[in-house]
Amino acid sequence: MITHNNTERLNCGERLAREIKALFDERRAWVSVSPFKVGAHEEWPDHIDDLPWKFRVLAFEVDRSFDYDKFDLHAEYIHLRHDATVDDVNSVEEELEQFGLVLDQLGYPDECSYPL
């Protein structure tokens, strides 16, 4: 069986997430790390495979009463706590420290009911 650590997963372009303690009892909160090579509104260059990964570290909260079955989760329902873009995995670790986490505590988004 092949196992991969979270550093390898990020360097393969896989998003990771974890539910965290919300600031208010009536909310749920998550932190995620999303690798990317170019911004969402940038044109992809021919040599994209040669570009280094960048990582977006995002933490947000959503009201517990939000009904995911009836509504799409749009920006007006999200309470943003943190949004940072960093250039390497060591910087990802530093960003996660403010939430009391280390990279290997994160998992795949579907393992923690990640809503985005």
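The values are calculated or read from the model by the stated rules, or taken from the named source; none is laboratory data. All of these numbers come straight from a predicted model, not from anything done at the bench. Positions of Cβ are generated from backbone atoms using ideal geometry, with glycine treated the same way; all protein chains shown enter the neighbour counts.
Data overview
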| item | result |
| --- | --- |
| Members of segment 40-60 that are closer than 24 Å to A75 by Cα and surrounded by 10 or more Cβ atoms within 10 Å (Cβ to Cβ) | K54, F55, R56, V57, L58, A59, F60 |
| When residues of segment 19-39 are limited to those that are surrounded by 15 or more Cβ atoms within 10 Å (Cβ to Cβ) and part of a loop (DSSP other than H, G, I, E, B), the one modelled with the lowest pLDDT | K37 |
| In segment 61-83, residue surrounded by the most Cβ atoms within 10 Å (Cβ to Cβ) [restricted to those that are among the basic types (K, R) and over 29 Å from E93 (Cβ atoms)] | R64 |
| Condition met for D46 (part of a strand (DSSP E or B), modelled with pLDDT of 80 or more and farther than 18 Å from S113 by Cα) | no |
| Single residue of V57, V31 found to be touching a helix residue (DSSP H, G or I) at 6+ places or on another chain (Cβ under 6 Å), closer than 19 Å to S113 by Cα and not small (G, A, S) | V57 |
| Some residue of segment 74-89 being assigned to a loop (DSSP other than H, G, I, E, B), over 19 Å from I20 (Cβ atoms) and modelled with pLDDT under 90 | yes |
| Contacts under 8 angstrom Cβ, first residue in segment 83-107 being under 11 Å from F55 (Cβ atoms), partner among the basic types (K, R) and not in a helix (DSSP H, G or I), 6 or more apart | A84/R56; T85/K54; T85/R56; V86/K54; D87/K54 |
